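Structure record follows, encoded as structure tokens.
Derivation of every value follows stated rules applied to the coordinates shown; laboratory data play no part. This structure is a prediction, so every number in the text was calculated from the model and none was measured.
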Amino acid sequence: MRKKINTILRIKKEITKGFLRIYYFFETFALRLYYFNLKKKINISKSKISLLCPTKNRYLKFKRFTESLITKTYDINRIELLICFDSDEKEIKEYESEILKLTRKGVSIKKYFKDLTSHALRNNYLAKQCEGDIIFPINDDLVFITNNWDKIIDDEFSKNLKSNPFCIWINCDRKYKKLDYSAFPVINYAWYERLGYIVPEVFRFWYLDWWICEVSRISKKYFLSDVYIHQFHAETYKSEIDETYKQNATNENLTHDYNMWLKTKNNRIQDSLKINQNK
């Protein structure tokens, strides 16, 4: 009799263990499903972000930038990096080693060798080749400070229709303490598509950022972002004045671009009207 009772108790124990295994299995499955759906809800819309980066003989600056890109980006696979070199680039082997690292991390790379004579031409050329929903003209001397900067930007752009041209002002510490201007404004593809360029090609080196900011200010199509970047700019003594900077930041170019800025006020107004057109 006692043996029979022990057998029954052992069977009940095994059945209980079996039910507990099944229960824990479904509990684990339910939790995984919950967190998967939660991640989908809080996740970004997965917009592709195109970074436009002209660079010349500044491999070390480029390396510092790419390291921050890898460590501060939420979803590196959404990043498309378009690089414009001169045909006589001296440090191409060093650049290639860094590009290989980026490719292995999942960054889509497009590189071009073009002897273009101005910053405006380089950025406009790269914009024509990009595939992103979001276009971010950058310099090789910046670093990302804000974690998950891409998620923040995408979330901000997703509040507007993709077909609606819009601009986001990134917070950069280069010169301005108040965010009444951005050294690195970001636009969506609809903005580029509407105007057909990043900046008019009458400019040689300066005013790319000013142009976008001024058009967005007039059209009231901009948003102040919480994304923060740092620029190691020679102008603020945060970097040495290298040969690339000397070639571009000449008094001749500054005078030329300033005069063009004054002459093109009506063009900025016209661009803002295009941005606000209902299509």
Discussion item. Give me the percent relative contact order of region 56-180, please, defined on Cα pairs under 8 angstrom at least 6 residues apart.
Written reply: 35
Worksheet item: Got a sec to turn the phi values of region 90-103 into Karplus ³J(HN,Hα) couplings, 6.51 cos²θ - 1.76 cosθ + 1.60 with θ = phi - 60°, whole Hz, x for Gly and Pro?
Response: 7, 10, 4, 4, 5, 4, 4, 5, 6, 4, 4, 4, 5, 4
Worksheet entry | Residues whose placed amide H lies under 5 Å from that of residue 146, excluding near-sequence neighbours | 228
Discussion item. Apply the Karplus curve 6.51 cos²θ - 1.76 cosθ + 1.60, θ = phi - 60°, to the phi angles in region 68-78 and return the couplings in whole Hz, x for Gly and Pro.
Written reply: 5, 4, 5, 7, 9, 8, 6, 10, 5, 6, 8
Worksheet item: Taking a 24 Å limit on the Cα-Cα distance, which of the listed pairs 46/128; 72/101; 61/114; 46/114 fall beyond it?
Response: 46/114
Fill in: residue 91 long-range amide H proximity, modeled H, under 5 Å
57
